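Working notes for the structure below.
Coordinate-derived values only; no laboratory data. What you see is a predicted model, and the numbers here were worked out from it, not measured in a lab. All Cβ positions, even for glycine, are placed from backbone atoms using ideal geometry, and neighbour counts span all protein chains on display.
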Amino acid sequence: MIKEAAKYLGANTATRQELINHYNQFCLPQVKKERRYKMGLGDNWCAMFVTTIANKCGASAEQFPYEVSVFYQTQIAKERELFTKEFSIVQENDLIIYDWEGHGVLSHVGFVAEIYGKNIVALEGNIKNTVGYRTISSESRFIAGFIKNPYARQQAASEVQLTDLDRVQGLARRTLRGEFGNGLERAYRLGADYAAVQKLINSGWSE
């Protein structure tokens, strides 16, 4: 989702209207009926931004907390047991929730774009009225918590699996060409990949 969100860096009024139009057309119908608020240019739009990006990436309201209110977005996450204050389990594409006043009023949301050490780089809509980055310490008193993003995590896991499959298929091609020998020699040279490669070859797979 970060890659999609980054397309809107430096968003101007026309771009914001494009995002709002997308939300109103595609996201609004999926929001709980009592929470179907039609967005306009004068509205705060950080929650709308993350929701619209999620929708553009293929996540439905069942897979991502669709909302234009940070408070209600967090409520949905809590109902689904996705809200956490544990920084140690936060991943890229999760949501970061802010409380600027420190009084329990949830006032802003963005994507966790990068984590290095105890620092977070967030990618947010409605930051200085555009889309931009913010770097903040994970120990900041302004962070109210995080929302885990299971859809993005599943997508990332699938990409890893595909990458691993590509690697195993590459080894299988080389094996079929005789690069790793046969029998014990093949097992020795393929090491931990031997079982996966041999299973693929035995399944009848070919280049």
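Before moving on, here are some points about what is shown:
- Per-residue ³J(HN,Hα) for the stretch 72-86, Karplus 6.51 cos²θ - 1.76 cosθ + 1.60, θ = phi - 60°, Hz, x for Gly and Pro: 6, 4, 5, 4, 4, 4, 5, 4, 8, 6, 10, 7, 8, 10, 8
- Applying the Karplus relation 6.51 cos²θ - 1.76 cosθ + 1.60 with θ = phi - 60° to the stretch 189-202 yields 3J(HN,Hα) values of 6, 7, x, 5, 8, 4, 4, 5, 5, 5, 4, 4, 5, 5 Hz, where x marks Gly and Pro.
- Across the stretch 166-177, coupling constants 3J(HN,Hα) worked out from phi with the 6.51/-1.76/1.60 Karplus curve, θ = phi - 60°, read 4, 5, 5, 5, x, 5, 5, 4, 5, 5, 5, 7 Hz, and Gly and Pro carry x.
- Taking every C-alpha pair closer than 8 Å and separated by at least 6 residues, the mean separation divided by the residue count of the stretch 1-93 gives a relative contact order of 28 percent.
- For Gly110, the residues whose modelled amide H falls within less than 5 Å of its own, excluding neighbours fewer than 5 places apart on the same chain, are Ile96.
- Three-way shape label, the stretch 87-207, alpha-carbon gyration tensor, a/c 1.5: prolate
- Cβ crowding within 10 Å averaged over residues, with 181-192, 14-25 ranked highest first: 14-25, 181-192
- Degrees separating the helix 13-22 axis from the principal Cα axis of the chain, which is the longest one: 70
- Projected onto planes of every orientation and averaged, the convex hull of the alpha-carbon atoms in the stretch 2-148 covers 8.1 nm².
- Selection of GluC sites (Glu not before Pro), the stretch 67-175, meeting DSSP coil and at most 13 other Cβ within 10 Å: Glu81, Glu86, Glu101, Glu139
- Value at 222 nm in deg cm²/dmol, rounded to 500, when DSSP H runs of n ≥ 4 in the chain each add -39,500 (n - 2.57): -12000 deg cm²/dmol
- Stretching Thr15 away from Arg153 to a fully extended chain increases their span by 46.9 nm, per 0.36 nm per residue minus the current alpha-carbon distance.
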